[in-house]
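> Before we start, here is the structure in question, set down as structure tokens.
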Amino acid sequence: MRTRVPEFLARGSRTVVLTGAGVSAESGVPTFRGAQGLWQGVRPEELASPAAFAQNPGRVWAWYAWRRDLVRRCRPNPAHQALARLEASLPWFRLVTQNVDGLHTAAGNEQVLELHGSLWKTRCTREGTVKEDRRSTFPEMPPRCPCGALLRPHVVWFGETLAAADMEQALKDAQQAELFLVVGTSGIVQPAASLPGLARAQGAHVVEVNPEPTPLTPMTDESHRGPAAEVLPALLEMENENS
Ligand code: BJW
């Protein structure tokens with residue numbers, strides 16, 4: 001594997017990692033798109049949009065309850081674990097994830113920016129109150145807040161804006177990165193997909209880990225093809241040949 005990653009890590013370079021659904025694939029969490037995707041046969045907007053929720057909150061909640069039940073049984077895989085070790089070994093490290101599954105935190109990462117929210121939180125549609133809530137069965141479906149209004153999953157759906165503070169932080173981090181790793185994302189959902197390009201424009205060395213090429217591949221300095229649970233630990237724990 002020809003790579004400059006060990007060289008960047010050996011000198012403690014500022015490192016940002018952007019992850020997508022593929023990093024959790026080997027934990028048993030299905031990805032969104034592709035043959036085995038969560039949305040196989042269903043257009044994403046049919047479930048992950050404010051319009052879908054307004055039209056049929058019970059259907060949308062049934063999907064999230066099913067996902068909660070599934071993800072609850074999943075454990076961090078060697079890719080998550082390698083990223084937790086990476087955070088512990090570097091003076092400046094940021095992990096930006098599009099995933100809502102909580103597996104990076106479960107693996108031990110402490111600084112996790114969950115750009116698309118969390119599967120394990122609900123939000124009151126009237127009061128906006130966000131609460132941790134790990135249930136997958138509810139006394140009534142769709143579930144309601146004690147105030148009587150519907151609860152919704154605390155995630156970012158299509159057409160909704162990401163939390164401004166989170167996005168600002170991610171943009172700032174991308175601009176400061178010397179090494180930027182993009183792991184397991186199809187790179188088509190904005191604005192997360194713009195972060196690697198921004199980092200590269202500021203001089204970062206951009207490295208992709210994905211079994212398939214993506215629209216981000218042409219802007220990367222290195223692309224490593226294979227499952228993250230195999231490629232990432234090998235890449236991050238290689239000896240630096242220049243030392
Ligand atoms: C492996 C692997 C293994 C497999 N190891 N890898 C500019 C241009 C055009 C459109 C837009 C634009 N700006 C905004 C938009 C609209 C929209 C958008 O991006 N649309 C595109 C689809 C075109 N974006 C938005 O609406 C965003 N809001 C926004 O920008 O607000 C302002 C605005 C609004 C409207 C117009 C303009 C501006 C919000 C996006 C929210 C995304 N939400 C979801 C659902 C979250 C909640 C939930 O989980 O239920 O987030 S959608 C879904 O996609 C989820 C994911 O986080 C996200 C990204 O998917 P990801 O992680 O990349 O997964 P996959 O499945 O796509 O790919 C998996 C990858 O893994 C593949 O590459 C595999 O090869 C790989 N893989 N096995 C490593 N073992």
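The values are calculated or read from the model by the stated rules, or taken from the named source; none is laboratory data. Computed from a prediction, not measured in an experiment: that's the story for all the values here. When we count neighbours, we look across all protein chains shown, and the Cβ atoms used for this are built from the backbone with ideal geometry, even at glycine. The area values use the complete protein model at the heavy-atom level, side chains included, leaving out ligands, DNA and RNA. Shrake-Rupley method; radii C 1.70, N 1.55, O 1.52, S 1.80 Å.
> Got a sec? Which residues in the range 96-140 would a label at Ser194 touch, if it sits 7 Å along Cα→Cβ and we count backbone N under 12 Å?
Within reach of a label on Ser194: no residues.
> Quick one: length gained pulling Thr217 to Lys131 fully straight, 0.36 nm per residue minus the C-alpha distance?
Length gained between Thr217 and Lys131: 27.2 nm.
> Here is a further query. Given a Förster distance of 30 Å, report the FRET efficiency between Phe138 and Ala201 from their Cβ-Cβ distance, rounded to the nearest 0.05.
0.05
> OK, next. Show the residues, 5+ positions off or on another chain, whose built amide H is closer than 5 Å to the amide H of Ser13.
Counting only residues 5 or more places away or on other chains, the set is empty.
> Output the peptides 116-123, 66-73, 219-226 sorted from most to least packed, where packing is the average of other Cβ atoms within 10 Å over each peptide's residues.
With the highest mean Cβ count within 10 Å placed first, the list reads 116-123, 219-226, 66-73.
> Tell me, what % of the accessible area of the range 136-229 is carbon and sulfur with a 1.4 angstrom probe? Write down the numbers at each step before the final one.
Details: 2230 of 4120 Å².
Carbon with sulfur: 54 percent of the solvent-accessible area.
> I've got another one for you. Separation between the Cys147 and Glu46 pseudo-spin-labels, each 7 Å from Cα along Cα→Cβ, expressed in nm?
3.3 nm
> Based on alpha-carbon atoms only, what is the radius of gyration of the chain relative to the globular estimate 2.2 N^0.38 Å? It would help to have the intermediate numbers written out before the result.
On the way: Rg = 18.4 Å, N = 243, 2.2 N^0.38 = 17.7 Å.
Scaled against compact globular proteins, the figure is 1.03.
> OK, next. Ranking request for peptides 205-217, 48-60: highest mean number of other beta-carbon atoms within 10 Å first, then the rest in descending order.
205-217, 48-60
> When ligands, DNA and RNA are left out and all protein chains stay put, how many square angstrom of accessible area per residue does the chain have with a 1.4 Å probe?
The answer is 47 Å² per residue.
> From the backbone phi of the range 64-70, what are the Karplus-calculated ³J(HN,Hα) couplings (6.51 cos²θ - 1.76 cosθ + 1.60, θ = phi - 60°) in whole Hz, Gly and Pro given as x?
Per-residue couplings from phi come out as 5, 5, 4, 5, 4, 4, 5 Hz.
> Okay, moving on. Which far-off residues, 5 or more places away or on another chain, put their amide H under 5 Å from the one on Val112, with H placed in the peptide plane?
none
> Summing -39500 (n - 2.57) over the DSSP H runs of n ≥ 4 in the chain and dividing by its residue number, what mean residue ellipticity at 222 nm do you reach, to the nearest 500 deg cm²/dmol? Each step should come with its number before you reach the end.
Details: 8 runs with 74 residues, N = 243.
The helix-only estimate for the chain comes to -8500 deg cm²/dmol at 222 nm.
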